[in-house]
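The structure appears below as structure tokens.
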Amino acid sequence: MSTPGPILVINGPNLNMLGTRQPEVYGSATLDDVVALCRQTAARYGREIDAFQSNSEGALIDRIHRARGVESGIVINPGGLTHTSVALRDALVIPELPIVEVHISNVHAREEFRHHSYISPIATAVVAGMGIHGYAAAIEFLIHR
């Protein structure tokens, strides 16, 4: 029996600025801290992570397309594209993989425009408001699923 493929962890626009961008909302952890947490969490179960971040919607879509037949699941924090991108939502269906949508802050306790997600209806699960620990929860969920 073969080991499942790596879990793809995708971070969208502005998440490269974690640790410096609005620390009162997003905390002081950096994107490198997020990726390290994801790798550590997966490694406890003998699993691997492929991490990708881009501020470009097209680059995110291209990376999602490449997940088909390679990765075993997707953890995605789409950032602001959560609320605006039908194209990203459509791309996430293509790999035919379980998806966990992650948000560091509780988007439902924030501005009204953040309450709608194009991703949630196609996600297997959604994690919001747990800080960067939501990524670890998402990875564990996919591993134990």
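The values are calculated or read from the model by the stated rules, or taken from the named source; none is laboratory data. Note that the structure is a prediction, hence the values are computed from the model and not measured. Accessible surface is based on the protein model in full, side chains and every heavy atom, while ligands, DNA and RNA are left aside. Shrake-Rupley method; radii C 1.70, N 1.55, O 1.52, S 1.80 Å.
Data for the structure
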read-out	value
Per-residue [θ]222 nm for the chain (sum of -39500 (n - 2.57) over DSSP H runs n ≥ 4, rounded to 500)	-9500 deg cm²/dmol
Percent RCO, i.e. relative contact order, over the chain, from Cα pairs under 8 Å lying at least 6 residues apart	27
Cα gyration tensor shape of the stretch 73-145, rounded if a/c is under 1.5, else prolate or oblate by comparing a/b with b/c	oblate
Global form of the chain, assessed from the alpha-carbon gyration tensor, a/c cut-off 1.5	oblate
Solvent-accessible area of SER28 with every protein chain in place, 1.4 Å probe, in Å² to the nearest 10	100
Pairs of alpha carbons in the stretch 38-107 whose separation is greater than 19 Å (percent)	34
